[in-house]
Amino acid sequence: MVDYSKWKNIEISDDEDDTHPNVDTPSLFKWRHEARVEKMKEMEQEKTLFLKEKNENAAKLKEIRSKYEVGMKEGLDMTDLKKQLNELELKKIELEDHEEQMKKKAKLMPWNVDTISQPGFSKTVVNVAQPKQAEELSEEEKEIKTREFFKKHEKNLKAYGMLQKYDDSKRFLQENPELVCEETANYLVIWCINLEMEEKTSLMEHVAHQCICMQFILELSKHLNRDPRSCVSSFFSRIQIADVEYRKGFEDELKAFKDRIHRRAKEKIEAAIAEAEEEEKKKRLGPGGLDPVEVFESLPDVLKDCFEKQNIELLQQAISTLPEEEARYHMKRCVDSGLWVPDGNLAAK
């Protein structure tokens, strides 16, 4: 269906007929028209000045960054340049935010006879079903979505996780913007845990660094209320010229993350061992549902010695020395656990 709602806010002029009989209607329409045109000119001037400021900031940022990199290689004191870089980076973020506001403002501006006839007006807008937002998905749908993402992008996810230089990571994410999302961070967390469980700690710590970079990008996007993909350049610029406090925050988060990975991997290994032992125990249960290992450990030493030597005569003699009730108790447990098979051979431990 065609979306007709946009026609509701069209400003009209020459065809308006709701004026008072005593009002000079042609003059009124003219004034309205001139006011709209003036408003459009102001917006255009604002856009021109903004683009000039944005380009000047970008050029200055490029110049200072180049000087900073050269100075770092030569071992010079870069304190002043570093301060300038931080200020230019913050200015860049402010300009990008302002640009978003200008776009929203332009979209909200009502159409009128001056804009309605501009090229592109005849374009038809068709309503299409919008994809569900992440918060609207059920847990099952989220799990399916995550698995599909992992399967589709696994090659690039691993490639990003193995990168070492900030510039390479920045370029890779800009070339593959679909990776700048929560699913990528989740994949890297799982990969880190698996690497630590395989005792590949050095590789785990490398992937952990890439994971925290992604987490910082996502946090920056939330802080600025912007699409994460638009924060890639800002994050890598900031981390490369970061002041002591910002760098310390990053390193502290990375250390805490690696500590959590160590603990989680240890927990999963312990859980896997416990599960394997439980499975092994189930397999060796005797006909009465008892574990032969546990039953053997509970036997008096005199009976243990008989089973270890697998000597039936010695076992019969040992049983005769025990009180009848105690002997019956232990032999029943031996039968239920499979340690002793009536009318059969003595089971080996």
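The values are calculated or read from the model by the stated rules, or taken from the named source; none is laboratory data. Treat the numbers as computed from the prediction; the structure is a model and nothing was measured. Cβ atoms come from the backbone with ideal geometry, glycine included; neighbour counts cover every protein chain shown. These accessible areas exclude ligands, DNA and RNA; they are computed on the full protein's heavy atoms, side chains included. Shrake-Rupley method; radii C 1.70, N 1.55, O 1.52, S 1.80 Å.
General observations
- Residue count, region 68-101 (criterion: of a type in the set (A, V, I, L, M) and free of Cβ contacts under 8 Å to residues at least 24 places away in the same chain): 6
- One residue from GLU56, GLU42, GLU34 being at pLDDT 55 or above, among the acidic types (Asp, Glu), closer than 30 Å to ASN86 by Cα and surrounded by fewer than 13 Cβ atoms within 10 Å (Cβ to Cβ): GLU56
Yes/no per residue for (1) within 28 Å of GLU69 (Cβ to Cβ); (2) at pLDDT 95 or above; (3) of a type in the set (Gly, Ala, Ser):
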position	(1), (2), (3)
PHE172	yes, yes, no
ASN194	no, no, no
LEU220	yes, no, no
ASN225	no, no, no
VAL232	yes, no, no
SER237	yes, no, yes
VAL244	yes, no, no
LYS268	no, no, no
GLU275	no, no, no
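- Pairs, first touching a residue at least 24 places away in the same chain (Cβ under 8 Å) and in a loop (DSSP other than H, G, I, E, B) in region 224-237, second open to solvent by 50 Å² or more (accessible area, probe 1.4 Å) and not small (Gly, Ala, Ser), C-beta under 9 Å, six or more apart: ARG226/GLU100
- ASP343 passes every criterion in (1) modelled with pLDDT of 85 or more; (2) not in a helix (DSSP H, G or I) apart from (1).
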